Amino acid sequence: MYARVSTAEQEKEGFSIPAQQKLMREYASQNGIGIAADFVDVETAKRSGRPGFEEMLRYMKKHASVRTILVEKTDRLYRNLKDWVTVDGLDLEVHFVKENVVLSRDSRSSEKFMHGIKVLMAKNYIDNLSEETRKGMLEKAEQGIWPSFAPLGYTNIVGAHGKRVIAIDPETGPLITRLFEWFESGEYSLKELTRKARDAGLRYRRTGKPIGSSSVHRILRSRIYTGSFEWLGKLYEGSHTPLTTFATWMNVQEILDGRSISNVHGNRHEFAYTGLMTCGHCGCAMTAEIKKGRYIYYHCSKFKGRCPEPYVREEALDVMFAAQLRKLRLDDDVFRMIGQAIRESRANEIRERDERVAKIRAEADRLQHRLDTLYLDKIEGRVTSEFHDRVAATWREERDRCVRDLESLSFAEDDVIDDGVALVDFARTAHHRFETLPLSSKRRALNLVLSNCSFADGELTTIFRKPFDLLEKISSPGGSGMPPEGGSPPGNEKMAP
């Protein structure tokens, strides 16, 4: 039995480990399933090395008689493709209790495909939330607030308006200032400067280890110490106190540039298929080059020595890759059925989302009421201004967190459903216009559905990624089809071409 909440905050908001465990124990009791072990994780799904998940996998490998996993729903067990592939490779029976789905080796390809789309949707859900986080960070940057963890020389604090800002670290800040001054003098190489910084006591904040030369170089290159900073390719005027002057920083850049062997690099041409396939003869990467200013040819890099594979034109590869995508066939009726199934599969998640929104909104209203009451107490002299400012700053930060959570939840679930449908639609239609797609779209289509591509003797060999390997199987002659809408699973029906 495996239970997980994606954040500690989610645990507090009612999506608790005990609630999941209770649901699964009741399910096990009703179905005559004995629970041999139980594993728990409370952390973000994007962080690698979930200890409970890893421990469960080790347990399953060690105990050959235990071949069943109980979990509340898909995104509790895994929220990326790597986790899915790992679990799938153990040949287990997985019960998704809330979704009323059981997957095993004997499940139909269509069922496994629908499950794979859920996994992709779960990954997109994380990406959507990450995008919301990036939007919030961009908003802070536009306000002149450094939106991330404080760089060495600064520390994160809560500012006057309840927002997290950076301020000079009294211990490391002066050392950063001296670092720029020492290097500006021109008397020290980077290695000598690093040694001098170590002797002065400059160390990494978390580990306490002496700073390395690569970190010193990164500090000297960072504009944030001048009071401005770059974020997502754009320059912003910061509201924090600088640790060096812009003139000193510019002098340091000139010294660094002068000591570099070369600071000018030619523009690297982007090719559609580099990095996507290897040579089928020797396993080396296939590289590309332009001939006569306009013709693109691919050939083996010959990293391991001589190779018999000749050149191939990019236009020929366009046709071959389009043919691979053409194997993913779904008619419009089946596609609409898949879209409906995806939406129905998210019904519980939408209900939970609405419940969570209601709780967060109630918490935000409660915090706002506290702030209003505290302000009246300050006006009428029942509390001091100092007490008001200190307490109000904390409550404002909590309220702002609630507002950010509400904003992200307001669109994330709808987007994840649309993205799930779009993934299938993109895969099934990309071949129609593949040769005319822009380079970025070609790479996106191929990265989405293909892996381990190789080219040898004029032939392209590919392997479809999960779950599109299942879509290829049910699209091919003899593949088991999707069940008709509202009907029972088919026997030997075939997917419509």
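Considering only residues that are surrounded by fewer than 12 Cβ atoms within 10 Å (Cβ to Cβ) and acidic (Asp, Glu), which ones fall in region 223-250?
237 - this is the single residue of region 223-250 that is surrounded by fewer than 12 Cβ atoms within 10 Å (Cβ to Cβ) and acidic (Asp, Glu).
Looking at region 366-380, can you tell me whether even one residue there is outside any helix (DSSP H, G or I) and at pLDDT 85 or above? Working first, answer last.
Narrowing region 366-380 to residues outside any helix (DSSP H, G or I): 380.
Applying the additional criterion that residues be at pLDDT 85 or above yields 380.
Scanning region 366-380, I find at least one residue that is outside any helix (DSSP H, G or I) and at pLDDT 85 or above, so the answer is yes.
Within region 437-451, track down each residue that is in a helix (DSSP H, G or I), hydroxyl-bearing (Ser, Thr, Tyr) and surrounded by 14 or more Cβ atoms within 10 Å (Cβ to Cβ). Walk me through it before giving the result.
Looking only at region 437-451, we keep the residues that are in a helix (DSSP H, G or I), and these are 439-449.
Then drop every residue that is not hydroxyl-bearing (Ser, Thr, Tyr), which leaves 440-441.
441, the sole residue that qualifies.
I want to confirm something. Restricting to region 99-134 and keeping residues that are within 25 Å of residue 33 (Cβ to Cβ) and among the aliphatic types (A, V, I, L, M), which single residue is modelled with the lowest pLDDT?
Ranking the candidates gives 122 first.
Tell me, which residue of region 66-96 that is charged (D, E, K, R) and in contact (Cβ under 8 Å) with a residue 40 or more places away in the chain is nearest to residue 451 (Cα to Cα)?
As a first pass, look at region 66-96 and keep what is charged (D, E, K, R): 67, 72-73, 75-76, 79, 82-83, 88, 91, 93.
Those left that are additionally in contact (Cβ under 8 Å) with a residue 40 or more places away in the chain: 72-73, 75-76, 79, 88.
Numbers: 72: 31, 73: 28, 75: 24, 76: 26, 79: 20, 88: 17 Å.
Restricting to residues being charged (D, E, K, R) and in contact (Cβ under 8 Å) with a residue 40 or more places away in the chain, the top hit is 88.
Does any residue of region 143-150 turn out to be surrounded by fewer than 14 Cβ atoms within 10 Å (Cβ to Cβ) and farther than 30 Å from residue 392 by Cα?
Scanning region 143-150, I find no residue that is surrounded by fewer than 14 Cβ atoms within 10 Å (Cβ to Cβ) and farther than 30 Å from residue 392 by Cα, so the answer is no.
So which of 4, 50, 25 ends up being surrounded by 14 or more Cβ atoms within 10 Å (Cβ to Cβ), closer than 28 Å to residue 356 by Cβ and modelled with pLDDT of 90 or more? Step through it out loud before you land on a result.
Values: 4 fails: modelled with pLDDT of 90 or more; 50 fails: modelled with pLDDT of 90 or more.
None of the other options fit; the residue is 25.
The values are calculated or read from the model by the stated rules, or taken from the named source; none is laboratory data. Small disclaimer: the values here were computed from a predicted structure and weren't measured. Note that we place each Cβ from the backbone using ideal geometry, even for glycine, and neighbour counts take in every protein chain shown.
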